[in-house]
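Following: one structure in structure tokens, then a few remarks.
The values are calculated or read from the model by the stated rules, or taken from the named source; none is laboratory data. These figures come from a predicted structure and were not determined experimentally. Reconstructed Cβ throughout: ideal geometry from the backbone, glycine too, with neighbour counts over all protein chains shown. What goes into the accessible areas is simple: the full protein's heavy atoms, side chains included, and nothing from ligands, DNA or RNA. Shrake-Rupley method; radii C 1.70, N 1.55, O 1.52, S 1.80 Å.
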Amino acid sequence: MPDPLPTLSPAELSRYSRHILLDEVGLEGQRRLAAARVLVVGAGGLGSPAALYLAAAGVGTLGLADLDRVEEHNLQRQILHDTAAVGAPKVESAARRLAALNPHVRLRVHPEGITPANALAVFAEYDLIVDGSDNFGTRYLANDAAFFARRPLVHGSIFKFEGQVAVFDPAGGGPCYRCLFPEPPAPGTVPGCGEAGVLGALCGVIGSLQALEAVKCLLGIGQPLRGRLLVIDSLAQDYRTLECPRDPHCPLCGEAPRIRALDAANYDAACAPAPATGGAATPAGVPVEVTVEEASRLAAAAGHALVLDVREPYELEICQLAGSRHIPLRQIPARLGELPRDRHILVLCHTGQRSRRVTEFLRGQGFSAVSNIAGGIAAWADRVDPALRRY
Ligand SMILES: [Zn+2]
């Protein structure tokens, strides 16, 4: 049996009175929330509204796991953070905001994020996990760790204008994330957040739904999205709930599981940028992919290499490399005649994914001296020219 539920001070009773007035919550439910320990993985677009509502709701212990720092381009949706927090660790910025919102909540920060090495021990310290991660590696790690730690996981994810929410709780019945999606997509086949774009208000909707499901699970009320996947198309305002039973062949929670422990190899490569195609040089001796350092050297040397920037015009307004030529990705097929066949072309985009597609396309069109710049202008800003504005 858990410890006896905590008593609430007069100040807490006043603060939570609109909860306590609900028959389904009541004083005992509010005390149950005060006893609860919830970990929010990711203090970003989904973690922001989720953590704000959970803290406001009076969840007794709230953990935040994130290793990133606040960047300016986060502020469009990550409402835990403000302009003054740019550059600060996200967990610190988040803890400041949440402490100001509700001083009755005990905040715990995990600035190292979750890793295959720490996830089980960290998850064991909480009753429920809210997954607000924005990449497949962390998402699969959170799912697997929650399964091994026997903790319910409130899943949320977003792609462009679509969002998904579910509760994965194999120990309490129902599927895990791998029952629906057994393996991460192949590296490089899906755009990352920086590539796809995301609408801020949709993060608010999905993260808030995650907080709602978490509160329902903690209170034991209503019908949580256990064994059901809520799919939201925000452009059409179409909300569907799909039944998703447990898969007996699931590699994690199935009858003959292949995954029996958190092996770092299962997560590190997930959704990492695609490997340079073998790193192999073509017959002409031109590598398919070069580092930003190498690209910088090639572009500076005797003016022979041409940097072809395939980003959108608005991205150029944020930052660009001097001397680069700009043709947006979608115009490349129609403007091949503008590209030199006697120069080494270095293709640049934001993070190296669109430019990889252009590199492959140009090589398929007979341009043999074409290389992708791995990591794009984001890596260039990190490692070559810190004066470039990041986004
Ligand atoms: Zn499963």
Built amide H within the under 5 Å cut-off of N372, gap 5+: E289, V290, V347
Net charge, L67 excluded, C-beta distance under 11 Å - Lys, Arg +1, Asp, Glu -1: -1
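Please state the relative contact order of the stretch 2-100 as a whole percent: Cα pairs under 8 Å, 6+ residues apart? Show your work: numbers first, answer last.
Working: 133 pairs, mean separation 23.0, N = 99.
It comes to 23 percent, rounded to a whole number.
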Net length gained if the chain between S17 and R325 were fully extended (0.36 nm per residue, minus Cα distance): 104.7 nm
Simple spin-label estimate for E72 and D233 in nanometres, 7 Å along Cα-Cβ: 3.7 nm
Point-to-point label distance, L101-E338, nm (Cα→Cβ direction, 7 Å offset): 4.6 nm
Alpha-carbon Rg with Dmax, taken over the chain, Å: 23.7, 78
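For A117 and A265 in the same chain, what is the full-extension length gain: residue separation times 0.36 nm, less their Cα-Cα distance, in nm?
52.1 nm
For K160 and T7, what is the calculated FRET efficiency with R₀ set at 51 Å and r taken between the beta-carbons, to the nearest 0.05? Could you put the intermediate results ahead of the total?
Working: r = 47 Å, r/R0 = 0.91.
The pair K160/T7 has a calculated efficiency of 0.65.
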Per residue solvent-accessible surface (Å²) - the stretch 142-259, probe of 1.4 Å: 43 Å²
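Normalising by the residue count of the chain, find the relative contact order in percent from Cα pairs under 8 Å and 6+ residues apart. Write down the numbers at each step before the final one.
Values: 779 pairs, mean separation 50.5, N = 391.
Rounded, it is 13 percent for the chain.
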Accessible surface of the stretch 108-176, 1.4 Å probe, proportion on carbon and sulfur as whole %: 55 percent
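Under the rule of -39500 (n - 2.57) per DSSP H run of 4 or more residues, summed and divided by the residues of the chain, what mean residue ellipticity at 222 nm is obtained, to the nearest 500 deg cm²/dmol? Please list the in-between numbers first.
On the way: 15 runs with 129 residues, N = 391.
That calculation yields -9000 deg cm²/dmol at 222 nm.
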Accessible area (Å², 1.4 Å probe, nearest 10) - F161: 80 Å²
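Rounded, prolate or oblate: which fits the stretch 108-185 when a ≥ b ≥ c are the square roots of the eigenvalues of the alpha-carbon gyration tensor, with rounded for a/c under 1.5 and prolate only if a/b beats b/c?
Numbers: a/c = 1.62, a/b = 1.22, b/c = 1.34.
In terms of gyration-tensor shape, oblate.
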Where only C-alpha atoms are counted, convex hull volume of the stretch 1-144 per residue in Å³: 116 Å³
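Using a 1.4 angstrom probe, figure out how much accessible area the stretch 324-391 has per residue, in square angstrom, rounded to the nearest whole. Provide the component values of the computation, followed by the final result.
Numbers: 3030 Å² over 68 residues.
Solvent-accessible surface per residue comes out at 45 Å².
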Rough spin-label spacing in nm, given labels placed 7 Å along Cα→Cβ, for R297 and A387: 2.3 nm
